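Inspection log for the structure reproduced underneath, given as structure tokens.
The values are calculated or read from the model by the stated rules, or taken from the named source; none is laboratory data. In this text the structure is predicted, and so the values were computed from the model without any measurement. No Cβ is skipped: glycine too gets one built from the backbone with ideal geometry, and neighbour counts run over all protein chains shown.
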Amino acid sequence: MTEQAEIDFYLDKDEDTFLEAWENKYGELNDEQIEELYQEIAQDIELKYKSGEHQLGKLFSYKEIAVGYSDYSTFNNWFLFSSSKK
């Protein structure tokens, strides 16, 4: 993991589930704010994964909101999330 990690969701409904929960707690976001949030999440999960604080396949939460069950793509350097355990 040398370049900056990013996040993505397996399905649109996985992303919708996360964003709905986030916006219910913290308020609506525009596209730029969503991108910034995703960068913050990517940095957080990367740090926690590298330190052993988070294990892939487990539910990952950011600021008390469940992002989803995590996976990692070495090809893209992406952490991927699903609202259900794969």
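Only one of (1) outside any helix (DSSP H, G or I); (2) touching a Gly at 6+ places or on another chain (Cβ under 9 Å) fails for THR17. Which number is that?
With (1) outside any helix (DSSP H, G or I); (2) touching a Gly at 6+ places or on another chain (Cβ under 9 Å) applied to THR17, the lone miss is (1).
Out of everything in segment 10-44 that is within 17 Å of SER73 (Cβ to Cβ) and of a type in the set (Ser, Thr, Tyr), what residue ends up being surrounded by the most Cβ atoms within 10 Å (Cβ to Cβ)?
By that ranking, first place goes to TYR38.
Sort through ALA66, ALA21 and tell me the only one that's among the small types (Gly, Ala, Ser), on the phi < 0 side of the Ramachandran plot, within 9 Å of the chain's Cα centre (by Cα) and at pLDDT 95 or above.
When all the criteria are applied, what remains is ALA66.
Out of (1) in a helix (DSSP H, G or I); (2) without any contact (Cβ under 8 Å) to a residue 60 or more places away in the chain, the odd one out for GLU28 is which?
(1)
Among the residues of segment 27-37, is there at least one that is modelled with pLDDT of 95 or more, under 20 Å from LYS85 (Cβ atoms), among the small types (Gly, Ala, Ser) and out of contact with any helix residue (DSSP H, G or I) (no Cβ under 7 Å at 6 or more places or on another chain)?
Checked segment 27-37: no residue is modelled with pLDDT of 95 or more, under 20 Å from LYS85 (Cβ atoms), among the small types (Gly, Ala, Ser) and out of contact with any helix residue (DSSP H, G or I) (no Cβ under 7 Å at 6 or more places or on another chain).
Report the residue count in segment 12-43 for those that are touching a strand residue (DSSP E or B) at 6+ places or on another chain (Cβ under 6 Å) and acidic (Asp, Glu).
Number of matching residues: 2.
Give GLY68, GLY57 a once-over and let me know the one that is surrounded by fewer than 18 Cβ atoms within 10 Å (Cβ to Cβ) and touching a residue at least 24 places away in the same chain (Cβ under 8 Å).
Step by step, each of GLY68, GLY57 is checked, and only GLY57 is surrounded by fewer than 18 Cβ atoms within 10 Å (Cβ to Cβ) and touching a residue at least 24 places away in the same chain (Cβ under 8 Å).
To keep it simple, each residue is scored yes or no on (1) surrounded by 12 or more Cβ atoms within 10 Å (Cβ to Cβ); (2) over 21 Å from ASP16 (Cα atoms); (3) aromatic (Phe, Trp, Tyr).
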position	(1), (2), (3)
GLU46	yes, yes, no
GLU64	no, no, no
PHE75	no, yes, yes
SER84	no, no, no
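Is it fair to say ILE7 is touching a residue at least 60 places away in the same chain (Cβ under 8 Å) and either touching a strand residue (DSSP E or B) at 6+ places or on another chain (Cβ under 9 Å) or surrounded by 13 or more Cβ atoms within 10 Å (Cβ to Cβ) (or both)?
yes
Given the conditions (1) touching a residue at least 24 places away in the same chain (Cβ under 8 Å); (2) closer than 14 Å to LYS85 by Cα, report the number of the one that GLN43 does not fulfil.
Checking GLN43 against (1) touching a residue at least 24 places away in the same chain (Cβ under 8 Å); (2) closer than 14 Å to LYS85 by Cα, the one that fails is (2).
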